[in-house]
Amino acid sequence: MSRRRTPITKELPKGFANDTYRKACAEPFPWLVKAREMRRAADLVWAQFSSELTAFASGGDDSGEPFTGSVAVMLYAFALENLLKAGLAAKGVAVGPNGNFALKSHKLEDLADDLALTLEPDERELMERLEHFLEWAGRYPIPLLAEALYPRAMLDGSKAAMYGLSSGDRVRVDALLAKVHATLPTEEEALVRYVRTIGA
């Protein structure tokens, strides 16, 4: 039996929270800030992973601590998801007819297609890999289905699992994030719009 959830207080009005939610749903600014937050955390975790990997390769790392590369890539994937949703919010398609947030998918390729981004085949392959880290490989030891573990025929001719890590992943992810970011309003532009909306 699950514990009862903490009840919502009846003394304070919920109208302000509901109004703030509806306005924030439709704005790119909160998504851009969260993407930057995720990116910063990912950079820190990746730097630790890279340092430990270098030490391990030279025989100098005997800490016994687990590598954090999959967690870093998961955070990069979340940063990308937030950027894509920022773009869709800027286009005015983030809120459904009922006033609730409509972009519930974590499928990065689908979000990119909804944003009408032009992607190269290798960028699509990278997005598919990032989805694996976002959905399970950065969070859990196994996926829901064994199929996610099956090796794939990669564009470079290799056969590899989608959740495998490469030392070159950081450069490829950086390039993809930069490409998506270039299609979005700047954080300053988004902030001006956000302040106007919240104040309306």
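All of the numbers you see were taken from the coordinates with simple rules; none came from a lab. Just so we're clear, the structure is a prediction, and the values are computed from it rather than from any experiment. Reconstructed Cβ throughout: ideal geometry from the backbone, glycine too, with neighbour counts over all protein chains shown.
To the nearest ten degrees, helix 169-181 and the longest principal axis of the Cα atoms of the chain are 30 degrees apart.
Modelled spin labels at Ala160 and Arg139, positioned 7 Å past Cα toward Cβ, are 2.4 nm from each other.
Springs join every pair of Cα atoms under 10 Å in this Gaussian network model of the chain, and among Pro97, Pro141, Pro13 the largest mean-square fluctuation is at Pro13.
Total lysine pairs in the chain at Cα distances under 26 Å, for residues eight or more apart or on different chains: 24.
Of the trypsin sites (Lys or Arg not before Pro) found in the stretch 128-162, the ones in coil according to DSSP and having at most 16 other Cβ atoms within 10 Å of their Cβ are Arg139. The equivalent ellipsoid of the stretch 1-118 has semi-axes of 36, 22, 12 Å, largest first, where each one is the square root of 5 times an eigenvalue of the Cα gyration tensor. The chymotrypsin sites (Phe, Trp or Tyr not before Pro) of the stretch 41-72 that DSSP puts in a loop, and whose beta carbon has at most 16 other beta carbons within 10 Å, are Phe67. Highest GNM mean-square fluctuation among Ala79, Ala178, Ala24, for the chain modelled with Cα contacts below 10 Å: Ala178.
Distances between placed amide hydrogens fall under 5 Å for Ala102 paired with Val95, Gly96, all partners being 5 or more residues away or on another chain. All C-alpha pair distances within the chain, sorted into 5 Å bins from zero, spread as 1, 7, 13, 15, 16, 15, 12, 9, 6, 4, 2, 0, 0 percent across the bins.
Once you order the gyration tensor axes a ≥ b ≥ c over the Cα atoms, which shape class does the stretch 1-63 get: rounded for a/c under 1.5, otherwise prolate or oblate by comparing a/b with b/c? Note, shape of the stretch 1-63 comes out oblate. Using a Gaussian network model of the chain in which every pair of alpha carbons under 10 angstrom is joined by a spring, one finds that among Glu27, Glu189, Glu123 the greatest mean-square fluctuation is at Glu189.
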